[in-house]
Amino acid sequence: MSNRLCQIAIGQFTAVVLCLSAGCGSDAPVPVAGKVTVNGKPVGNAGVTFHPQDGKGRPATAETADDGTYKLTTVNPGDGALKGEYKVTIVWDEPVHPYLAMRDGAPEKEKLRKEYEDWKAKHQAKASPIPPNYAVPTSTPLTQSVPAPGGIANFDIKAGP
């Protein structure tokens, strides 16, 4: 290898090492929490996803508690989202009966079989309170900048008549 190529290679290696040691390209998530409501009422069991608008970076996700609150996760639980601009999707699935969440053969599952069969006979599936366009990044009207003011990103969805 020529002397000039060695100098270029060493220079590039040094730049990479300095960049990594200075934190270049290693943005840490910033805390983001909030509340999801539909027509002012809290929505539990909703999935919240922040999708990077530029298609780069990592999405951040959360599930709402019964009171509609959530904390985003990118890498570690509750760590937040990377800085940037996001499209936000929100989906809701009806919670499953505890019987369905257990593995086959689990002793606890067999104890719940009768209760589950009774529940299933009477249960009426619930429609999602979240309109379907909020589930797709290309159709959701929700956007959010991170860092969010005060680390809070609340979403009140207007639905119905």
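Assorted remarks:
- The residue of segment 123-144 that is surrounded by the fewest Cβ atoms within 10 Å (Cβ to Cβ), among those that are within 15 Å of P59 (Cβ to Cβ) and not aliphatic (A, V, I, L, M), is T138.
- The listed residues are K56, K120, and the only one of them that is within 23 Å of P29 (Cα to Cα), among the charged types (D, E, K, R) and loosely packed, with under 12 Cβ neighbours inside 10 Å turns out to be K56.
- For segment 106-138, taking the residues that are hydroxyl-bearing (S, T, Y) and over 17 Å from the mean Cα position of the chain (by Cα), the one that is nearest to K158 (Cα to Cα) is identified as S128.
- Strands (runs of 3 or more DSSP E) wholly inside segment 72-161 that include at least 2 residues being more than 18 Å from K41 (Cα to Cα): 84-92, 143-146
- Only one of the numbered conditions (1) exposed (fewer than 11 other Cβ atoms within 10 Å of the Cβ); (2) touching a strand residue (DSSP E or B) at 6+ places or on another chain (Cβ under 7 Å); (3) among the basic types (K, R) is violated by K83, and that is (1).
- Selection of segment 44-69 for residues being under 19 Å from V136 (Cα atoms) and either touching a Cys at 6+ places or on another chain (Cβ under 8 Å) or in a strand (DSSP E or B) (or both) yields A46, G47, V48, T49, F50, H51, P52, A60, T61, A62, E63.
- Of the candidates G40, G84, G80, G47, the single residue that is touching a residue at least 12 places away in the same chain (Cβ under 8 Å), in contact with a Gly (Cβ under 7 Å, 6 or more places away or on another chain) and either not assigned by TED's automatic domain parsing to the domain that holds P147 or not aromatic (F, W, Y) (or both) is G84.
- Complete set of residues in segment 133-152 that are touching a residue at least 40 places away in the same chain (Cβ under 8 Å) and in contact with a helix residue (DSSP H, G or I) (Cβ under 8 Å, 6 or more places away or on another chain): T140, L142
The values are calculated or read from the model by the stated rules, or taken from the named source; none is laboratory data. All figures in this text were calculated on a predicted structure; none of them were measured in a lab. We place every Cβ from the backbone using ideal geometry, glycine too, and count neighbours over all the protein chains shown.
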